[in-house]
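A quick write-up on the structure given underneath.
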Amino acid sequence: MITRYFNSVHFAWPWVMLLLLLVPALIWWYWKKHSGRAGTLLVPSTTNLQKASKGWKIKLMHLPFILRLLAMAFIIMALARPQTRFDEEQVSGEGVDIVLCIDVSGSMLAQDFTPNRLEAAKEVAAQFIDTRKTDRIGVVIFSGESFTLCPLTTDKSVLKSQVYGIQSGLLEDGTAIGSGLATSTDRLRNSKTKSKVVILLTDGENNGGQIPPVTAKEIAKKLGIRVYTIGVGTEGFAPIPVQASDGSIVMQREKVNIDEKLLTQIASETGGQYFRAKDNEGLAKIYGEIDQLEKSVIEVTALHRYTERFLPLVLAAIVCLSLEWVLRLTLLKKFP
């Protein structure tokens, strides 16, 4: 308990602890005083005296002095003002409303990323969510159609559980970039924040959906939404798992086709940027760059509250002095 007490406190006036140097000085004075007060008695032999045991009063004769030294040490430490500090941070400000628009088409299972494009995208998206402390974030998925997986929220645990639960095959297959972007902008349509952002991640070319990408881009521009687009995939060909006629899964190499011209146009005309991710490290770096570009306005106020903890030391000093006083008046009382 004593160790826990001293581990949890610090002293506001540590210089007072220099008074503890008086303790060894008093011990030296006490030793010098009592070493010169031994009485002398002439006896013919000391053999019997050596066999005699010392009484308990002799053994306890120095106890009052020890108790008084302890009391003095406790009082000095109490005067040094032991305290515990409680730190609290109040975070306020205006965040950014962000929608993560993630392609979940079959080609996202390509294994040019580790373990595949979709799993890599999920992992990096979850890390990105952790960095955005005050932002509201939503999740939209798309393939041949689009779906709002999670509306705008600040609940990071709900967001991450939804992201980790994303699987390919949840929607009709295809790549409906326009539908995904349109659904994402609709999630931000009623947002009151100054900064509204869509991060659209895809690995293919638009080949489905009822809303053309150009139309969705114009909606985003009108609503003042910046769109950051990310093309995912290596150059050339990538291995993709495909189900064979007998039901088994075989690896098939397919050409990586990303409509970079369209993605660049969407990003540039809405005030965002286009990025190309060719591996896991590159994808993580892209999300880091977007994190730096879209800074939230955050004010952090640090509060420090101090609680005085001198009372246990004062009580310990009182106990020591009281015990010393009782011993001097009773068991160790001296008679003239």
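Annotation: ASP97 fulfils all but one of (1) out of contact with any His (no Cβ under 7 Å at 6 or more places or on another chain); (2) charged (D, E, K, R); (3) at pLDDT below 70; the unmet one is (3).
When the residues of the range 175-192 are narrowed to those that are in a loop (DSSP other than H, G, I, E, B) and open to solvent by 30 Å² or more (accessible area, probe 1.4 Å), which ends up modelled with the lowest pLDDT?
Restricting to residues being in a loop (DSSP other than H, G, I, E, B) and open to solvent by 30 Å² or more (accessible area, probe 1.4 Å), the top hit is LYS192.
Being part of a loop (DSSP other than H, G, I, E, B) and open to solvent by 30 Å² or more (accessible area, probe 1.4 Å) is true for just one of SER168, SER161. Which residue is that? The unique qualifying residue is SER168.
Evaluation of ASP135 against the conditions (1) open to solvent by less than 40 Å² (accessible area, probe 1.4 Å); (2) farther than 27 Å from SER191 by Cβ; (3) of a type in the set (D, E, K, R) shows that the sole unmet condition is (2).
State whether one or more residues within the range 218-226 are over 38 Å from the mean Cα position of the chain (by Cα), surrounded by fewer than 16 Cβ atoms within 10 Å (Cβ to Cβ), without any contact (Cβ under 8 Å) to a residue 40 or more places away in the chain and on the phi > 0 side of the Ramachandran plot. No, the range 218-226 contains no residue that is over 38 Å from the mean Cα position of the chain (by Cα), surrounded by fewer than 16 Cβ atoms within 10 Å (Cβ to Cβ), without any contact (Cβ under 8 Å) to a residue 40 or more places away in the chain and on the phi > 0 side of the Ramachandran plot.
Selection within the range 197-211: residues that are farther than 19 Å from PHE275 by Cβ and surrounded by 15 or more Cβ atoms within 10 Å (Cβ to Cβ). The member of this set that is modelled with the lowest pLDDT is GLY208. Pairs are defined by a Cβ separation below 6 Å, a sequence spacing of at least 6 or placement on different chains, a first member in the range 316-336 that is at pLDDT 70 or above and surrounded by 15 or more Cβ atoms within 10 Å (Cβ to Cβ), and a second member that is part of a helix (DSSP H, G or I) and of a type in the set (Phe, Trp, Tyr); the pairs so defined are ALA316/PHE74; ALA317/PHE74. Taking (1) in contact with a helix residue (DSSP H, G or I) (Cβ under 6 Å, 6 or more places away or on another chain); (2) of a type outside the set (A, V, I, L, M); (3) not in a helix (DSSP H, G or I) in turn, LYS221 satisfies each apart from (3).
If only residues of the range 193-217 that are within 32 Å of the chain's Cα centre (by Cα) and assigned to a loop (DSSP other than H, G, I, E, B) are counted, the one that is nearest to VAL256 (Cα to Cα) is SER195.
For first residues located in the range 272-295 and at pLDDT below 95, partners that are part of a helix (DSSP H, G or I) and lie 6+ apart or on another chain with Cβ distances below 7 Å form the pairs ASP291/PHE128; ASP291/THR131.
For the range 140-157, the tally of residues that are in a helix (DSSP H, G or I), more than 15 Å from ILE98 (Cβ to Cβ) and not hydroxyl-bearing (Ser, Thr, Tyr) stands at 0.
Going by what's in this entry, would GLU88 be described as open to solvent by 30 Å² or more (accessible area, probe 1.4 Å), modelled with pLDDT under 70, of a type outside the set (Phe, Trp, Tyr) and in contact with a Leu (Cβ under 7 Å, 6 or more places away or on another chain)? So GLU88 passes the test.
For the range 227-256, a residue qualifies if it is among the polar types (S, T, N, Q), out of contact with any Leu (no Cβ under 9 Å at 6 or more places or on another chain) and open to solvent by less than 70 Å² (accessible area, probe 1.4 Å), and the qualifying residues are THR234, SER248. Here the condition is being of a type in the set (Asp, Glu) and closer than 25 Å to GLN127 by Cβ; of ASP246, ASP291, it holds for ASP291 alone. Look at the range 121-139: where a residue is in contact (Cβ under 8 Å) with a residue 12 or more places away in the chain and assigned to a helix (DSSP H, G or I) and a partner is small (Gly, Ala, Ser) and open to solvent by less than 10 Å² (accessible area, probe 1.4 Å), sitting 6+ places away or on another chain with Cβ atoms under 9 Å, you get ALA121/ALA277; VAL124/ALA277. Of all the numbered requirements in (1) of a type outside the set (Val, Ile, Thr); (2) more than 24 Å from the chain's Cα centre (by Cα); (3) farther than 25 Å from LYS278 by Cβ; (4) surrounded by 16 or more Cβ atoms within 10 Å (Cβ to Cβ), PHE147 misses one, and that requirement is (4).
The requirement of being open to solvent by less than 100 Å² (accessible area, probe 1.4 Å), assigned to a helix (DSSP H, G or I), out of contact with any Ser or Thr (no Cβ under 8 Å at 6 or more places or on another chain) and at pLDDT 85 or above is fulfilled nowhere in the range 1-12; no residue meets it. Go through (1) over 19 Å from SER168 (Cα atoms); (2) surrounded by 14 or more Cβ atoms within 10 Å (Cβ to Cβ) for TYR306 and report which single condition fails. Every listed condition holds for TYR306 apart from (2).
The values are calculated or read from the model by the stated rules, or taken from the named source; none is laboratory data. Only a predicted model underlies this, so the values are computations on that prediction, with no experimental measurement involved. Every residue, glycine among them, receives a Cβ derived from its backbone with ideal geometry; neighbour counts consider all protein chains shown. We work out accessible area using only protein heavy atoms, side chains counted, and drop any ligands, DNA or RNA first. Shrake-Rupley method; radii C 1.70, N 1.55, O 1.52, S 1.80 Å.
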